[in-house]
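Below is one structure, written out as structure tokens; the observations come after it.
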Amino acid sequence: MRWLVVGAKGMLGQDVTALLAERGEHVEGIDREEIDIADPQACLGVADGFDVVMNCAAYTAVDAAEADEATAFAINAVGAANLARAARNAGARTVQISTDYVFDGHAAQPYAEDAPLAPRSAYGRTKGAGEWAVRAENPDHLVVRTAWLYGAHGGCFPKTIVRVARERGELEVVDDQVGQPTWTVDLADLVHRLVSTGARAGTYHGTSSGQTSWHGFAQAAVAAAGMDPGIVRTTTSEGYVRAAPRPSYSVLDHTALRAVSVEPIDDWARRWAEASETVLLPG
């Protein structure tokens, strides 16, 4: 199978291209230097000769998007539409990576794949628009929502926490935001399994199982780095007001995966134990 990975130099894109190559797939990666996905002319023919176009490219500066929603929309919505249209014209399947931010973050139980979208931020609105665009442009699509991503290739929450803990000796992290820390390698594996099994078109949730707070994840990160998790104290979201509202509840349900006989990613804590050495490796 021939894969085109867009956004191949990002944290997720690098792990996707590496995993696909390891599994014997033909994979080519492009990034912003090769293509402006917001330009429909630039996307003409980009999917020709490929079976799958996976869009890992995104405007992910959540706070900055509040003041520059137009740019976020151009990348997250218009760009997604352009790539999906190119894939449809080439007879290729689209894999669109989306986010928990398309929901309101106020639920008390895991969000179902068909739960109503109610984004509270510019980032969430533009990613929700991207989902709509992909469904409209290419019937053969997999929209895969993820959350709390971390990986070896780029900045991420556990790396930041460990660095701050080493610099300051202690820190405060919110304990009133709950989600599912998800390793980019695991998300790459999940997407490959979905495509390889011929999963029907639709929306799926690509997050680890289980749940924790940012505080709980921070303690796990600090412990993995050989420090006392007790140096991570609790605080609340009220003390960390940002331009874009953060979801207080980001847990996603995995019913759609099981319906197509694809096993969800394992519990976040077990996966972090597997990933931590690689993710926290210096350099």
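Close contacts from the stretch 256-283, counting a first residue that is at pLDDT below 95 and a second that is surrounded by 13 or more Cβ atoms within 10 Å (Cβ to Cβ), with Cβ to Cβ under 7 Å and a gap of 6+ residues or different chains, come to Leu281/Ala152. Residues considered: Trp183, Trp214. Of these, the only one that is under 17 Å from the mean Cα position of the chain (by Cα), at negative phi, crowded, with 21+ Cβ neighbours inside 10 Å and free of Cβ contacts under 8 Å to residues at least 60 places away in the same chain is Trp214. If we scan the stretch 256-270, do we find a residue that is surrounded by 19 or more Cβ atoms within 10 Å (Cβ to Cβ), aromatic (Phe, Trp, Tyr) and farther than 19 Å from Tyr111 by Cα? Checked against the condition, which is being surrounded by 19 or more Cβ atoms within 10 Å (Cβ to Cβ), aromatic (Phe, Trp, Tyr) and farther than 19 Å from Tyr111 by Cα, the stretch 256-270 yields no hits at all. Under the condition of being surrounded by 14 or more Cβ atoms within 10 Å (Cβ to Cβ) and of a type in the set (S, T, N, Q), which residue from the stretch 14-46 is farthest from the chain's Cα centre (by Cα)? Per the stated criteria, the residue is Thr17.
Residues in the stretch 97-145 that are among the small types (Gly, Ala, Ser) and part of a strand (DSSP E or B): Ser98 alone.
Screening the stretch 18-95 for helices (runs of 4 or more DSSP H) wholly inside it with 2 or more residues that are among the aliphatic types (A, V, I, L, M) returns the ranges 62-67, 69-73, 79-90. Residues that are under 17 Å from the mean Cα position of the chain (by Cα) and polar (S, T, N, Q) were ranked within the stretch 55-78; the one that is surrounded by the fewest Cβ atoms within 10 Å (Cβ to Cβ) is Thr60.
The values are calculated or read from the model by the stated rules, or taken from the named source; none is laboratory data. Treat the numbers as computed from the prediction; the structure is a model and nothing was measured. Positions of Cβ are generated from backbone atoms using ideal geometry, with glycine treated the same way; all protein chains shown enter the neighbour counts.
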